[in-house]
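The values are calculated or read from the model by the stated rules, or taken from the named source; none is laboratory data. These numbers come from a predicted model, not from an experiment. Cβ sites come from the backbone with ideal geometry, for glycine too, and all protein chains shown count toward neighbours.
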């Protein structure tokens, strides 16, 4: 019998507490423990939790809050400055990764359409892993954080374009009217959000700032409301949440909101990593094991090297270039969404979808290990590298 939502939460968080304890004693990253728990308890493991669609939908709230908090931590002037530099690097690197993904898919006998979609999925790096493993001090005050945010936001926008193409049901036909609406919607939503915050939201918050519960409630409502509006206009909920955050970033109250929402974000992100493991079909793993290892090796090697070369070309320091390269050395949660949408549209088979999922899990795990054991991050097992 399918467990209730309450029972599902009990299994996820009690299980997460147990595996997290084991992970800390054995000096393993917590993200790895959450994904492994999903594999064990999910429909392809012990089948304790089988309604993964519901769990995945709930977990998406964590991504939305992550982007909202990211916006709260970035000043608008810094965003425009870093996007100017990140655009060139992001476009070139995405093209390189897409071509490499297509080539490896072709070597393993996938069809032309499947290879195009595999290439799409390889273009992006994980916003969740990239930001979650970045110390807050770096995110707030360092050039590394600004540059990473710029690259990830550009990739998020490219991912939206890819998803619009896939949702059209035909890679050869793109609805130009819908795409034009989406491009127009971005500046309109940003301007409307800025105006509403300046002449409405901030005045409300200043009037009732002594009621902390009210500030907390309004912040969540603003985040979720703009996320939903953006999605209805053809953008993504994640981009809407980021706009919601950055329009509040200049307010003195922004850091109070950020601190208040972090526990809520972590709650949903645990569910997100659990859902990644639970979605993975272990029965199909033998059929894609070799191709997934080859694809993951390509990502884990090519992404750090490519970012290092491109960033050094833009006069960034060698250490910073490697740091960003390894932090972005995986594919993205958007890659999983691309695989899901393409499979549902019958553009790729289950084997190609499983290849993308397996590559995502392998790169999530390995890149997390690389960062956690070699670079400053909030969940490092070494006291020397732990930075909150």
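For the subset of the range 1-13 comprising residues that are surrounded by 12 or more Cβ atoms within 10 Å (Cβ to Cβ) and modelled with pLDDT of 85 or more, which member is farthest from the chain's Cα centre (by Cα)?
Step by step, filter the range 1-13, then rank; the result is 7.
If I ask for residues that are more than 17 Å from the chain's Cα centre (by Cα) and modelled with pLDDT of 70 or more, which ones from the range 135-182 would you list?
Correct list: 144, 165, 166.
Only one of these is crowded, with 20+ Cβ neighbours inside 10 Å, assigned to a helix (DSSP H, G or I), without any contact (Cβ under 8 Å) to a residue 40 or more places away in the chain and under 23 Å from the mean Cα position of the chain (by Cα): 33, 16, 86, 20. Name it. Don't jump to the end; show me each part of the working.
Working: 16 fails: without any contact (Cβ under 8 Å) to a residue 40 or more places away in the chain; 86 fails: without any contact (Cβ under 8 Å) to a residue 40 or more places away in the chain; 20 fails: crowded, with 20+ Cβ neighbours inside 10 Å.
Result: 33 is the single residue among 33, 16, 86, 20 that is crowded, with 20+ Cβ neighbours inside 10 Å, assigned to a helix (DSSP H, G or I), without any contact (Cβ under 8 Å) to a residue 40 or more places away in the chain and under 23 Å from the mean Cα position of the chain (by Cα).
How many residues are touching a helix residue (DSSP H, G or I) at 6+ places or on another chain (Cβ under 7 Å), part of a helix (DSSP H, G or I) and over 20 Å from residue 200 (Cβ atoms) when one looks only at the range 236-260?
Summing the residues that are touching a helix residue (DSSP H, G or I) at 6+ places or on another chain (Cβ under 7 Å), part of a helix (DSSP H, G or I) and over 20 Å from residue 200 (Cβ atoms) in the range 236-260 gives 5.
Would you confirm whether any residue within the range 105-112 is buried (at least 20 other Cβ atoms within 10 Å of the Cβ) and at pLDDT 85 or above?
The initial filter retains those residues of the range 105-112 that are buried (at least 20 other Cβ atoms within 10 Å of the Cβ), namely 105, 110.
Filter once more, so that each one left must be at pLDDT 85 or above: 105, 110.
Taking every residue of the range 105-112 in turn, at least one turns out to be buried (at least 20 other Cβ atoms within 10 Å of the Cβ) and at pLDDT 85 or above.
Assess whether residue 353 counts as being more than 22 Å from residue 87 (Cβ to Cβ), out of contact with any strand residue (DSSP E or B) (no Cβ under 9 Å at 6 or more places or on another chain) and either touching a residue at least 12 places away in the same chain (Cβ under 8 Å) or not in a helix (DSSP H, G or I) (or both).
Values: more than 22 Å from residue 87 (Cβ to Cβ): yes; out of contact with any strand residue (DSSP E or B) (no Cβ under 9 Å at 6 or more places or on another chain): yes; either touching a residue at least 12 places away in the same chain (Cβ under 8 Å) or not in a helix (DSSP H, G or I) (or both): yes.
So residue 353 fits the description; yes.
I'd like the residue in the range 310-332 that is closer than 23 Å to residue 376 by Cβ, part of a helix (DSSP H, G or I) and free of Cβ contacts under 8 Å to residues at least 24 places away in the same chain and, out of all such residues, is nearest to the chain's Cα centre (by Cα).
325
Would you check if there is a residue in the range 261-280 being part of a helix (DSSP H, G or I), farther than 30 Å from residue 12 by Cα and modelled with pLDDT of 80 or more?
The initial filter retains those residues of the range 261-280 that are part of a helix (DSSP H, G or I), namely 261-279.
Now restrict to residues that are farther than 30 Å from residue 12 by Cα: none.
Checking the range 261-280: not a single residue is part of a helix (DSSP H, G or I), farther than 30 Å from residue 12 by Cα and modelled with pLDDT of 80 or more.
Mind checking whether some residue in the range 362-381 is more than 14 Å from residue 27 (Cβ to Cβ), in contact with a strand residue (DSSP E or B) (Cβ under 7 Å, 6 or more places away or on another chain) and modelled with pLDDT of 85 or more?
Checking the range 362-381: at least one residue is more than 14 Å from residue 27 (Cβ to Cβ), in contact with a strand residue (DSSP E or B) (Cβ under 7 Å, 6 or more places away or on another chain) and modelled with pLDDT of 85 or more.
Listed here are the residues, each with its yes/no results for (1) crowded, with 16+ Cβ neighbours inside 10 Å; (2) part of a helix (DSSP H, G or I); (3) touching a residue at least 12 places away in the same chain (Cβ under 8 Å).
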| residue | (1), (2), (3) |
| --- | --- |
| 191 | no, yes, no |
| 197 | yes, yes, yes |
| 201 | yes, yes, yes |
| 213 | no, yes, no |
| 219 | yes, yes, yes |
| 227 | yes, yes, yes |
| 230 | yes, yes, yes |
| 234 | yes, no, yes |
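Residue 309: buried (at least 17 other Cβ atoms within 10 Å of the Cβ) and modelled with pLDDT of 85 or more, yes or no?
Numbers: buried (at least 17 other Cβ atoms within 10 Å of the Cβ): no; modelled with pLDDT of 85 or more: yes.
Here the answer is no, as residue 309 does not meet what is asked.
Per-residue answers, yes or no, for (1) at pLDDT 85 or above; (2) closer than 19 Å to residue 156 by Cβ:
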site: 219; (1), (2): yes, no
site: 226; (1), (2): yes, yes
site: 229; (1), (2): yes, yes
site: 235; (1), (2): no, yes
site: 245; (1), (2): yes, yes
site: 254; (1), (2): no, no
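Across the range 322-331, what is the number of residues that are crowded, with 21+ Cβ neighbours inside 10 Å and more than 14 Å from residue 133 (Cβ to Cβ)?
Residues flagged as crowded, with 21+ Cβ neighbours inside 10 Å and more than 14 Å from residue 133 (Cβ to Cβ) within the range 322-331 amount to 1.
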